[in-house]
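The values are calculated or read from the model by the stated rules, or taken from the named source; none is laboratory data. As the structure is a prediction and not an experimental result, all values here were calculated from the model. A quick note on method: Cβ atoms are made from the backbone with ideal geometry, for glycine too, and the neighbour counts reach across all protein chains shown.
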Amino acid sequence: MADKIENNLNSEIESLRGEIKSLTDSVADLLRRETDHARASVKGLTDNLADNVSSAAHTVGDAGQRLAANAQEGVRTATSKVEACIEKNPVQSVLVAAGVGFVLGLLSRR
């Protein structure tokens, strides 16, 4: 009778070991799948972030180029106006330039 109980307990223990192994394998598989899913999600987010940063950088670069082009156009316009004024009033332009030079000369002596 004791042998029968011992065999029965050994059988139950082996059955529990098999169930524990199966449960361990299932948990490990679930963790693997969830880790892969999380890795894919993080990769997608980082790719999105990289795209957004790149897009923002291009936008800022484009805005800078537009500002530089507008500044160059403003300088060209001002230069054209000054040249037209000098051509229209050459004597006055020379007198103004001489006056500015004289004032700068006085200031530089101090």
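For a quick check of your reading of the model, give me the residue pairs whose first member lies in the range 82-97 and is surrounded by 11 or more Cβ atoms within 10 Å (Cβ to Cβ), whose second is of a type in the set (Val, Ile, Thr) and modelled with pLDDT under 90, with beta-carbon atoms closer than 7 Å and at least 6 apart or on different chains.
Ser93/Ile86
Conditions (1) surrounded by 10 or more Cβ atoms within 10 Å (Cβ to Cβ); (2) at positive phi; (3) modelled with pLDDT under 90; (4) of a type in the set (A, V, I, L, M), marked per residue:
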{"position": "Asn10", "(1), (2), (3), (4)": "yes, no, yes, no"}
{"position": "Arg32", "(1), (2), (3), (4)": "yes, no, no, no"}
{"position": "Ala57", "(1), (2), (3), (4)": "yes, no, no, yes"}
{"position": "Val60", "(1), (2), (3), (4)": "yes, no, no, yes"}
{"position": "Leu67", "(1), (2), (3), (4)": "yes, no, no, yes"}
{"position": "Gly74", "(1), (2), (3), (4)": "yes, no, no, no"}
{"position": "Gly105", "(1), (2), (3), (4)": "no, no, yes, no"}
